[in-house]
Amino acid sequence: MDTEQKNRSDEMEELNEIFEYRKAKQSQAPAKPKGTPAKKPDSKAGSAAELKKHRLRTANIMIYSGIALLIIACGIFTYFIFLNNSGDSIKSLKFGTTSIELRAGHEQKLKVIAEPSDKEFALNFESKDESVATVSRDGTVTGVGEGTTEVIVSSGSLSSRCLVTVQKDVINSLTVSVTELELEGGETAKIDVSFSPADAKDVSFVWSSNLESVATVDQSGMVKGVESGASLITVTDTVTGKSVGVRVTVSGMELPEAMEFPDKSITVEVGDVVQLFPVFTPDDISNRSAIYYTTDASVVSVTNEGVITAKSAGTVTIEAIYEKDYSLVAQMEVTVIDPFVITGEESDDSKPQPEKPEITVIDGITYINGTLIANKSYSLPADYAPGVNDEAYNALIEMEEAAAAEGLSIFLVSGYRSYDDQYAIYNNYVSMDGQAASDRYSARPGHSEHQTGLAFDLNELEESFEHEPEGIWLAENCHKYGFIIRYPKGKEHITGYMFEPWHVRYLGVELATKVYNSGLTLEEYFGITSVYAD
């Protein structure tokens, strides 16, 4: 038998075996119950339903398989996180430095060294005192307030500490663009100020001139020559007391082109008191000094400051002659009327009278009739540091708001100063200008009203402020809010200090009103002196 025939024979045997096997299986199948209807072929609807069930089973299998795979992946991911970040795996932990210094408002990121170094670990940062410094999740420390605290980093059972010292964000040094300046009368020049560190935030500058009759300066550092002479322009950081001076030499004189009264004539009643203000061209003339005259002092009297008082019915001419140039003259006609007939001498009992001084000293602090006094005769202890008085400050805010309602801007330039602050400021003035000159405009440490927390310097530290709308309003209204102009014009021989129309002292509304209505200084009202013992 050849090969082909043999293969065919084998195939036949296999088919016979399959046939016999299927026949045997059919003979073993259970018989159908009698009466069971024959199975009909599947309909088209049945086939669709079976297909839908099949697809649904397939989709469910895919969803459950995806969830299972996701769970497995999360488990693997969690394992690796645990392996790489677990505190149990960290061998050592420390900061790159044991201490740092910061200024308030500034920040620095701390370096953390961990072993093994080729892995990342879960780190927790904490500041022991967040009023001094805070720390972020990435280890960045931010200074908040002056003091010392610890920043701690931890991971698992390991931790490390870094000492953080926060200082005030103040300047270390102060410089100006020029140290000497030469100007003509009426000429202006700008002085620029710089400081280190340049990013310090707690900085507050005040500009002043020791002789405003020679040169003036505004709070932007703009200097103006007034008349021949030498003046010291000083810029002071009120936070640290650091200051630097510029010597200004002025040649010639600033003269106005014209001077006149805003009204050629006015009518007043007997007893009226009016402040006269000549108008200058140009209107930024620094030296506004004039000499005043009246043609009949029995009708209208006039002071050296241009204050007229109507005494009796009649008409007079008031004349103002510019002190630096007698060719400039302003004239005004004043008519006084008497609205009623005076039958007898009026009693002056309603006018506030000076109080008899009752001096009390408590812990080195002097009180006159219950009012705290600090002047050249009465000093304060070096450790007396009350800060700004809340009642006085609230009254200042109320006064500022009242002025704002009338379109005026009253604002604080300098308030509370400690004994040490005044020590630095005063001695700086003395080193540049000598003690005698400094004593006219700066208090010795322990004698400054600023140390009481009850005194404020407002707007412009210049005598010309008295002629500004805000200066006029302040002089006429500050008593309504409990303040007085502490160092009035023409009273230096009594108060011990030159005229400061910007310096107010809080007394309370009742006492301030009494002092204001009396027309007296605080020294005159209490009957005390203001003279240094030496």
Point to revise | Subset tally (residues that are surrounded by 12 or more Cβ atoms within 10 Å (Cβ to Cβ) and not in a strand (DSSP E or B)) for region 97-120 | key: 5
Exercise for review: Identify the residue in region 476-502 that is closer than 16 Å to residue 398 by Cα and out of contact with any Asp or Glu (no Cβ under 6 Å at 6 or more places or on another chain) and, among all such residues, is surrounded by the most Cβ atoms within 10 Å (Cβ to Cβ).
Suggested key: 483
Study note, to complete from the structure: The condition of being of a type in the set (A, V, I, L, M), modelled with pLDDT of 95 or more and either assigned to a loop (DSSP other than H, G, I, E, B) or open to solvent by less than 50 Å² (accessible area, probe 1.4 Å) (or both) holds, among 437, 395, only for 395
Practice item. Give the residues of region 288-308 that are in a loop (DSSP other than H, G, I, E, B) and farther than 30 Å from residue 222 by Cα, sorted by residue number. Key: 295, 296, 297, 298, 299, 303
Review point. Does residue 285 satisfy being at pLDDT 90 or above, out of contact with any Ser or Thr (no Cβ under 8 Å at 6 or more places or on another chain) and of a type in the set (Val, Ile, Thr)?
Key: no
Review point. If you scan region 121-138, which residues turn out to be over 22 Å from the mean Cα position of the chain (by Cα) and either exposed (fewer than 15 other Cβ atoms within 10 Å of the Cβ) or under 19 Å from residue 104 (Cβ atoms) (or both)?
Key: 122, 124, 126, 127, 128, 129, 135, 136, 137, 138
Practice item. Could you tell me which of the residues 383, 348 is open to solvent by 80 Å² or more (accessible area, probe 1.4 Å), modelled with pLDDT of 90 or more and part of a loop (DSSP other than H, G, I, E, B)? Key: 383
Practice item. Identify, from the list 243, 265, the residue that is modelled with pLDDT of 90 or more and open to solvent by 40 Å² or more (accessible area, probe 1.4 Å). Key: 265
**Study point:** Pair list, Cβ < 9 Å and 6+ apart or interchain, from region 212-225 residues that are closer than 16 Å to residue 468 by Cα to residues that are basic (Lys, Arg) and in a strand (DSSP E or B)
**Key:** 216/224; 217/224; 218/224
Exercise for review: Could you check residue 423 against (1) over 28 Å from residue 525 (Cβ atoms); (2) in contact with a helix residue (DSSP H, G or I) (Cβ under 8 Å, 6 or more places away or on another chain); (3) among the aromatic types (Phe, Trp, Tyr) and say which number it fails?
Suggested key: (2)
Check your understanding: For residues in region 428-445 being polar (S, T, N, Q) and without any contact (Cβ under 8 Å) to a residue 12 or more places away in the chain, which is farthest from residue 475 (Cα to Cα)?
Key -> 431
Exercise for review: Could you tell me whether residue 233 is open to solvent by less than 10 Å² (accessible area, probe 1.4 Å) and among the hydrophobic types (A, V, I, L, M, F, W, C)?
Suggested key: yes
Practice item. Mind listing whichever residues of region 163-218 are touching a Leu at 6+ places or on another chain (Cβ under 8 Å), open to solvent by 40 Å² or more (accessible area, probe 1.4 Å) and part of a loop (DSSP other than H, G, I, E, B)? Key: 211
Check your understanding: Condition test on residue 410, is it in contact (Cβ under 8 Å) with a residue 60 or more places away in the chain, open to solvent by less than 40 Å² (accessible area, probe 1.4 Å), in a loop (DSSP other than H, G, I, E, B) and closer than 28 Å to residue 233 by Cβ?
Key -> yes
Study note, to complete from the structure: Looking across region 58-96 at residues that are at pLDDT 70 or above and of a type in the set (S, T, N, Q), the single one that is surrounded by the fewest Cβ atoms within 10 Å (Cβ to Cβ) is 92
Check your understanding: Taking only pairs six or more apart or across chains, which ones have beta-carbon atoms under 8 Å, a first residue in region 520-534 that is under 8 Å from residue 377 (Cβ atoms) and basic (Lys, Arg), and a second residue that is modelled with pLDDT under 90 and not in a helix (DSSP H, G or I)?
Key -> none
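The values are calculated or read from the model by the stated rules, or taken from the named source; none is laboratory data. As the structure is a computational prediction, the values presented were derived from the model and not from experiment. Neighbour counts are summed over all protein chains in view; Cβ atoms, including those assigned to glycine, are modelled from backbone coordinates with ideal geometry. All accessible areas refer to the heavy atoms of the entire protein, side chains included, with ligands and DNA or RNA removed. Shrake-Rupley method; radii C 1.70, N 1.55, O 1.52, S 1.80 Å.
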